[in-house]
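The values are calculated or read from the model by the stated rules, or taken from the named source; none is laboratory data. What you see is a predicted model, and the numbers here were worked out from it, not measured in a lab. Cβ: placed from backbone, ideal geometry, glycine included. Neighbour counts: every protein chain shown. All accessible areas refer to the heavy atoms of the entire protein, side chains included, with ligands and DNA or RNA removed. Shrake-Rupley method; radii C 1.70, N 1.55, O 1.52, S 1.80 Å.
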Amino acid sequence: MVKEYDVREIEKKWIKKWADAKVFEASPDPEKKKFYLTVAFPYPSGSMHVGHGRTYTVPDVIARYKRMQGYNVLFPMAWHVTGSPVLGIAERIKKKDEKTLKIYGGLYKVPPETLANFTNPETIVKYFSNEYHENMVDMGYSIDWTREFLSITPQYSKYVEWQYAHLHEQNLIKMGEHPVRYCPSCNNPVGDHDLLQGDKAEVNDFTIIKFRMGDLILPAATLRAETIFGLTNMWVNPEVNYVKAKVDNETWVISKEAAEKLKYLNKKVEIIGEIKGSELIGKTCTDPLLKKEIPILPAVFVNPDYATGIVMSVPAHAPYDYIALKDLKSDLKPIVIIGEGRDAPAEKMIREMGISDQKDPKLEEATAQLYKEEHGKGHMSKWIKGYGGLAVRTAREKVAADLTGAGDADIFYEFSESPVVCRCGTRCYIKILKDQWFLEYGNTEWKEKTQECLKQMEIVPSELKQNFSYFIDWLQDWACTRRVGLGTRFPYDSKWLIEPLSDSTIYMAFYTISKHVKKIDAAKLTPEFYDYVLLGKGKSEELSKKSGVARAEIENIRAEFLYWYPLDWRLSAKDLVGNHLSFMLFHHTAVFPKDKWPKGIVVFGMGLLEGNKMSSSKGNVVLLSDAMRDNGSDAVRLFLMSNAEPWQDFDWRENLVKNTGRKLKQFYDQAYAASELKNDIPERDIDRWLISRIQEATERTNTALEAFQTRKAIQSAFFDLINDLMWYTRRCEPRTKTVKEFCDQWVRLMAPFTPCTCEELWEAMGHKDYISVAEYPISDPKKIDPIVDAKENMIKNLMEDIQHIMEISKIKPERIHMYLAPEWKRKAFALLRSCTPMKQIMSDPEMKPYGKEISQIMQKYRRDEIPELMLTLDEEYDTLKGAQKFLEKEFNAEIDLQKTPTKDPENKARFAIPQKPGIYIK
RNA sequence: GCGGGGGUGCCGGAGUGGUCAAACGGGCAGGGCUUAGGACCCUGUGGCGCAGGCCUACGCGAGUUCGAAACUCGUCCCCCGCACCA
């Protein structure tokens, strides 16, 4: 009797057994080759959903596969709890924010008494890291939990400090200025998720060009510094009250709003007077580059709350300016400075778009289009001294740099759209942080080293290697410190915390030693300690004396690191390519010698739910725990791994998951039944066929898994083989020996995907060991039998043909006659296949009588259409004879097999070719 | 704009020069099994065809080739990332 497939019961049983036997705890073993892989540790600020499920199942499948191949596999896990998002969550829970309470109390099912304590951010991350841990165990992951830690574990913090000491020593960390979105009320920089409004606003850096008007300076802000050559006038809004302000040592005329903004931009600003916009109109100022007199004209489109409130007018290249001048009936002539044409491009644009006045909304579009065109393709007009012929984008930078160098320009940061409002309701500014610490990813040498690291790595999928290279080049200095959040204090300036992405760059190395280090008092874990155990610097004897850690222990830790490192594979989601994954490469090259650099990265796609993007905040997720409760973890794993390749987006569809669960039950039932089968049938072709098929499937599965193609692997190891076994049982009475051999291999093939089910079957088959550490099947080429494969294909094709004919002719057959291809035809096909010239074929006396037919055949079949492997007449006959009963049953008709046609009323024998008998149905 | 990926049947998606009207999965339809079945099995699912065949298809246009879904060029469209944030 097949034992009932009680999924959850089986899973519980094996998960406990594994834990009790410590099957997945990995220790260095010099006898075995190591395999070390990690996956990006989770930031547990909420419950685990099926998207996370896929992220962590992929490495588990690979870990299990490699373990079964005989590798000593280390697959660790830890929790990334540093950072600020939970602070916001705690804050919102404190304020009893409805949406947040709904997500945490409802969607995540946090019990009310626990939720009440969620006002403390640390409680949140600890609660959810526990939940993650439980879920991961429940999913059957083969994680070595002895290495688990939190990113705020003191021993880990000491490790982070050690890393930063190294970076500092190498001058890769610098203090500098940095513009951030900033909330004056919270007194903190704000990220996207902290914003009520304006999360799409970018920070634009304007060049402010200082125009002089006596002692006063009119600072005009522009994104197109190169257009100073086409300047005809300035724009000032006559309806706005400007201020005179002492800015550092100069006196600027700017809008009130701009004066306020400048304070955040680290200018000393003191307002000393007011001046009406209208008072400025009609005056002139001097441009700093060409020293030309520039008239100041009125324009109402000038927004005092955008940059400085003083605008340069370049009518030839700015549609707004052109129209405004026209409206004023000014006689100022546009000056073309881009390209060699005479007519103003702005004018042309306005004409083509049919824009008539300053208020036309199409002006926006015209401006954007012209900007895009000129920025992308434009070159400065030849007549411009020093800049003529330069690409616009080059000229822009050069003008800005030249003016800044001479003290005639400055930088002004402004949002691309406004307003930007903090979650607390306060309007945000752009603030320049002065003592911000940076990781110098812009450093050329560091970049080169990182590129070198990338070059020797394997990236899956390989197309992404380019992407990585691009990101490494693109990365600039990264602000690596924060004022708020959980995390490690910055060792050189304790008012700062190390930013969460910056504290998790090389933690893969920490896993290798964490189980030892966790037991040591953090105070003893000095930089010297890590220097020794990770880099081999210093002497263990001295270190032991100084730190009080036993020398043997220190050596042991060192040995463990050396055994596991470098990291073989890093797995992570797509969205981390441009930051975390690139950082990982940067930091490895900075801290570790070349032979400890990571060897490979696998990048994952995202998850969809019933075709829509998963989103916790919108409640559009399925919790992993619910999915396991409803389907069992093996079915969840199988579905996640079979729905898409790791790097593709997968789509969680309830009905597909359910189907996968049923298919899995079928697998279980079939394999279980096999273990109880008892008969003594002699081996037949069909038995050799089934065994041959599983060898081929094994080959494909291995190839796919080596390339991380879980979907392809499951296609071969699961779906194809289910179908083969089904065909086999349809085709014949199952033979015990065959089916047992098949299932023994099959269950092992499936073990990385559905480990609990496979353990249960493995036990039922009488094995005493864990399948988790049993040998992974490799294909046995001796058992691959192309002839038997060809025979079985012939039968399948034959059945299809008969089926087809039945449908077309609408005959319900009583008798089916089959005519085999005669020997001469087989020979003719063989000769055609081997490219024998017609002349030579015809010279064969055996062929001669069939000249006409042979030339017909030649016309009809191309050489490579002819099967490579040709069965003999006898083989074909015997095969069909053997399948006769089966075919009779299938078609419920008598089969008349004719080796040489005797009764052929409709001359169907002529259709016969090798492996494709002629058919006549009555 | 910059960078990356992609357009195949009713759907998801295989397939990268011939054996492709297209794996596998799903949906739908018919049949079988059955007391019944949402379980399972079989068959069908571009068009035409009273015999295993023919025709038209793989975003669009052109080209290379004996032969293209696959290669080249052009073109249209879609998705993702662009930072100080996990």
Number of the exception - A:CYS183 against (1) open to solvent by less than 10 Å² (accessible area, probe 1.4 Å); (2) more than 16 Å from RNA strand B (Cβ to nearest atom); (3) at pLDDT below 90: (2)
Taking the residues in the range A:562-587 that are crowded, with 21+ Cβ neighbours inside 10 Å, away from RNA strand B (no atom under 16 Å from the Cβ) and not hydroxyl-bearing (Ser, Thr, Tyr) as candidates, determine which candidate is nearest to A:THR512 (Cα to Cα). A:TRP564
Do we find a residue being modelled with pLDDT under 90 and of a type in the set (Phe, Trp, Tyr) anywhere in the range A:503-515? no
Can you say whether A:GLU4 is over 21 Å from A:PHE639 (Cβ atoms), within 15 Å of RNA strand B (Cβ to nearest atom) and modelled with pLDDT under 90, as far as the supplied structure shows? yes
Filter result (under 29 Å from A:ASN467 (Cα atoms), more than 14 Å from RNA strand B (Cβ to nearest atom) and charged (D, E, K, R)) within the range A:595-638: A:ASP595, A:LYS596, A:LYS599
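Rundown of residues vs (1) surrounded by 17 or more Cβ atoms within 10 Å (Cβ to Cβ); (2) near RNA strand B (Cβ under 10 Å from one of its atoms), yes/no style:
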{"site": "A:ILE778", "(1), (2)": "no, no"}
{"site": "A:LYS782", "(1), (2)": "no, no"}
{"site": "A:VAL788", "(1), (2)": "yes, no"}
{"site": "A:LYS796", "(1), (2)": "no, yes"}
{"site": "A:ILE802", "(1), (2)": "yes, yes"}
{"site": "A:GLU807", "(1), (2)": "no, yes"}
{"site": "A:GLU814", "(1), (2)": "no, no"}
{"site": "A:HIS817", "(1), (2)": "yes, yes"}
{"site": "A:TRP824", "(1), (2)": "no, no"}
Those residues that are of a type outside the set (Phe, Trp, Tyr), under 13 Å from A:GLY341 (Cα atoms) and at pLDDT 80 or above, I need them from the range A:369-392; list them, please. A:MET380, A:SER381, A:LYS382
Going by what's in this entry, would A:GLN745 be described as open to solvent by 10 Å² or more (accessible area, probe 1.4 Å), within 16 Å of RNA strand B (Cβ to nearest atom) and either polar (S, T, N, Q) or at pLDDT below 95 (or both)? no
Given the conditions (1) in a helix (DSSP H, G or I); (2) surrounded by 17 or more Cβ atoms within 10 Å (Cβ to Cβ); (3) near RNA strand B (Cβ under 9 Å from one of its atoms); (4) small (Gly, Ala, Ser), every one holds for A:SER469 apart from (2)
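Based on this model, can you work out whether A:ILE459 counts as farther than 30 Å from A:CYS186 by Cβ, touching a Phe, Trp or Tyr at 6+ places or on another chain (Cβ under 9 Å), at pLDDT 90 or above and assigned to a strand (DSSP E or B)?
On the way: farther than 30 Å from A:CYS186 by Cβ: yes; touching a Phe, Trp or Tyr at 6+ places or on another chain (Cβ under 9 Å): yes; at pLDDT 90 or above: yes; assigned to a strand (DSSP E or B): yes.
So A:ILE459 passes the test.
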Would you please list the contacts, defined by Cβ atoms under 6 Å and residues six or more apart or on different chains, that run from a residue in the range A:298-310 that is closer than 21 Å to A:SER330 by Cβ to a residue that is open to solvent by 30 Å² or more (accessible area, probe 1.4 Å) and small (Gly, Ala, Ser)? none
Could you say which residue among A:LEU897, A:LEU887, A:LEU871 is in a helix (DSSP H, G or I) and either away from RNA strand B (no atom under 12 Å from the Cβ) or within 54 Å of the chain's Cα centre (by Cα) (or both)? A:LEU887
Is there a residue being in contact with a Lys or Arg (Cβ under 9 Å, 6 or more places away or on another chain), at pLDDT 95 or above and open to solvent by 20 Å² or more (accessible area, probe 1.4 Å) anywhere in the range A:71-82? yes
By residue number, the members of the range A:639-672 that are out of contact with any Asp or Glu (no Cβ under 9 Å at 6 or more places or on another chain), open to solvent by less than 10 Å² (accessible area, probe 1.4 Å) and within 11 Å of RNA strand B (Cβ to nearest atom) are A:PHE639, A:PHE650, A:PHE667
How many residues are among the acidic types (Asp, Glu) and loosely packed, with under 14 Cβ neighbours inside 10 Å if we restrict to the range A:898-916? 1
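Tell me which helices (runs of 4 or more DSSP H) are completely within the range A:59-128 and hold 2 or more residues being touching a Pro at 6+ places or on another chain (Cβ under 7 Å), or say none if there are none. Outline the logic, then answer.
On the way: elements: A:85-94, A:98-101, A:112-115.
Hits in the range A:59-128: A:85-94.
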